[in-house]
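Novice: Let me begin by handing over the structure; questions about it come next.
The values are calculated or read from the model by the stated rules, or taken from the named source; none is laboratory data. Because the structure is predicted, anything quoted here is derived from the model rather than measured. Don't worry about glycine lacking a Cβ; one is built from the backbone with ideal geometry, like all the others, and counts go over all protein chains shown.
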Amino acid sequence: MRFGRVFQRPEFHRMLEKRNVISSIQSETIMQKSCRAFSSGDGDLVDAVVPFMGESISDGTLATFLKKPGDRVAADEPIAQIETDKVTIDVSSPQDGVLQEYVAKEGDTVEPGNRIAVISKSAEGVAPAAPAEKKSEKAASEPSPAETVEKPKAPSYDEGDLVDAVVPFMGESISDGTLATFLKKPGDRVAADEPIAQIETDKVTIDVTSPQDGVLQEYVAKEGDTVEPGNRIAVISKSAEGVAPAASAEKKSEKAASKPSPPTETVKEDKPKAKVETSPSVEKPRALSPPPPKRTATEPILPPKERERRVPMTRLRKRVATRLKDSQNTFAMLTTFNEVDMTNLMKLRSDYKDAFVEKHGVKLGFMSGFVKAAVSALQHQPIVNAVIDGDDIIYRDYIDISIAVGTPKGLVVPVVRDADKMNFAEIEKTINSLAKKATDGTISIDEMAGGSFTISNGGVYGSLLSTPIINPPQSAILGMHSIVSRPMVVGGNVVPRPMMYIALTYDHRLIDGREAVFFLRRIKDVVEDPRRLLLDV
């Protein structure tokens, strides 16, 4: 995903610098944060920040750095990824350059507008200038009646050599994500829009791209951090060699500047004195650690096991777990079953599969047949397409079919919009496109939002029978299963038939058993005799 590129352009940075956006970033609104890049004094450095992630998304986890300090990055190239509870979002570099440094670490929780990395426009990066800057800061902190010390300017990366790769916009309903994986390491050369990290949310994984060609200077967040749109993930330098680090000099200067000393003192005399005088004030009494929680009588005491591993749940897995448990606690779920003879649908597919591919450029599968059958059943039983909202029933006059897709990172449910207005080819193309995006982790929130009814096909994994769980805020879900040849009585004779069990889990508060059985019967009738769709009988 490549959101928020326009908000990271240098002209916006220069305009916003006048408003002291760096000092006021925490007090700005989420929308303002997402539109802000930050400047750093000499004009050669630009910050990559967390972009706006949506009205309902307040933060995320900085999951993965895709580039490393010193790598060259291009404008809009992902340099890190932010994981929210819904999607993974890319943090992109706002310009071509070299990733100078990351100012956040993996695992940090970040919000829109937070700085993630610094990008240098220069092909060589930016040489350390910390000692001179810190010296001015020290002079400003010392009492000096003889002269007035001018305060140093706020850092400005506007026209500089470094550009920050930031968390991009992830969608209106996604506030944060987890920085899952770094795809590049500091020092690697990167191109504009090249992914350097991945952000994992509870629904999709999003690339953080480099905003420019250059060298990934450093990551300013670490894997596992919670990040939000606009958070800085990495620093991209335009320089081919990157920018030399100046961290040690800055720390040394900060230590000296923390204690004012007379103007006549030398640096040698100041260091030990500052160390002796500040030690008592820095040292604090240790707080007593709280006692371990007591086990209840019902809580089992498990013996330690050597061959176990404790792994934190991903955002996506946590979100799936929460939604499924909420569904179980909310709905009065009941499942009814039927079986379908797949003979005619399989023959239809076999007879026309070559002509179908030749004309439409996509294979004819069973899923489009079941989607068409579900549309017909929903039209015959509109209560299955409805939902309870408080004391009201909301009848949906549209049919958006959600298709459950299992991915390596978890379950996602993209939506086939207006399925009742589609033909077989359109359904197959839409499902293939959404499934590919879901598997690649590039699917958007909009493509998964809504849906009035869900179809889950456990048969692709060999499931013979199951009781699927309702996908809120829907009221029913159809479960497809594997096709098994079983002996059936046809015309008084026992013959082998390709049979599939189908299951409908529904909210019994809204849908009576009669409607549920009629719904499954309609699915069965249409799949066993697809000609019914042509005649609407």
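Novice: Do we find that Lys135 is buried (at least 24 other Cβ atoms within 10 Å of the Cβ), among the charged types (D, E, K, R), touching a helix residue (DSSP H, G or I) at 6+ places or on another chain (Cβ under 9 Å) and modelled with pLDDT under 80 in this structure?
Specialist: Judged against the criteria, Lys135 is not a match.
Novice: If a residue has to be over 14 Å from the mean Cα position of the chain (by Cα), assigned to a strand (DSSP E or B) and modelled with pLDDT of 50 or more to count, how many in the range 33-64 make the cut?
Specialist: Counting residues in the range 33-64 that are over 14 Å from the mean Cα position of the chain (by Cα), assigned to a strand (DSSP E or B) and modelled with pLDDT of 50 or more gives 5.
Novice: To continue, here is another question. Looking at the range 199-217, which of the residues that are out of contact with any Gly (no Cβ under 7 Å at 6 or more places or on another chain), at pLDDT 90 or above and of a type outside the set (Val, Ile, Thr) is surrounded by the most Cβ atoms within 10 Å (Cβ to Cβ)?
Specialist: Result: Ser210.
Novice: Give the residue, chosen from Thr330, Thr335, Thr343, that is over 23 Å from Glu528 (Cβ atoms) and polar (S, T, N, Q).
Specialist: Answer to the check: Thr330.
Novice: I'm trying to understand the selection: among the residues of the range 323-353, which are in a helix (DSSP H, G or I) and either in contact with a His (Cβ under 6 Å, 6 or more places away or on another chain) or touching a residue at least 60 places away in the same chain (Cβ under 8 Å) (or both)?
Specialist: Arg323, Leu324, Asp326, Ser327, Gln328, Thr330, Thr343, Asn344, Leu345, Met346, Leu348
Novice: If Arg310 meets every condition in (1) exposed (fewer than 10 other Cβ atoms within 10 Å of the Cβ); (2) assigned to a helix (DSSP H, G or I) apart from one, which number is that one?
Specialist: Here Arg310 clears every test but (2).
Novice: What about Ile470, is it touching a Lys or Arg at 6+ places or on another chain (Cβ under 6 Å) and in the same structural domain as Thr336 (by TED's automatic domain parsing)?
Specialist: In short, no.
Novice: Still on this structure: Outside the structural domain of Ser444 (by TED's automatic domain parsing), modelled with pLDDT under 90, in contact with a helix residue (DSSP H, G or I) (Cβ under 8 Å, 6 or more places away or on another chain) and over 29 Å from Ser444 (Cβ atoms): does that describe Pro128?
Specialist: yes
Novice: Let me ask something else about it. Just need a number here: residues in the range 98-113 that are part of a loop (DSSP other than H, G, I, E, B) and either in contact with a Pro (Cβ under 9 Å, 6 or more places away or on another chain) or not assigned by TED's automatic domain parsing to the domain that holds Tyr219 (or both).
Specialist: 3
Novice: Do any residues in the range 182-204 that are on the phi > 0 side of the Ramachandran plot have Cβ atoms under 7 Å from those of residues that are surrounded by fewer than 24 Cβ atoms within 10 Å (Cβ to Cβ) and modelled with pLDDT under 95, where the two are at least six apart or on different chains, and which pairs are they?
Specialist: So the pair list comes out as Asp193/Arg2.
Novice: Can you tell me how many residues within the range 423-450 are among the β-branched types (Val, Ile, Thr) and over 17 Å from Ile399 (Cα atoms)?
Specialist: 4
Novice: Related question: Looking at this structure, is Asn457 assigned by TED's automatic domain parsing to the domain that holds Arg349, closer than 22 Å to Glu528 by Cβ and touching a residue at least 12 places away in the same chain (Cβ under 8 Å)?
Specialist: Yes; evaluated as a whole, the condition is true for this residue.
Novice: Oh, and also: Based on this model, can you work out whether Leu364 counts as aliphatic (A, V, I, L, M), not assigned by TED's automatic domain parsing to the domain that holds Ser485 and not in a strand (DSSP E or B)?
Specialist: Against the criterion (aliphatic (A, V, I, L, M), not assigned by TED's automatic domain parsing to the domain that holds Ser485 and not in a strand (DSSP E or B)), Leu364 does not qualify.
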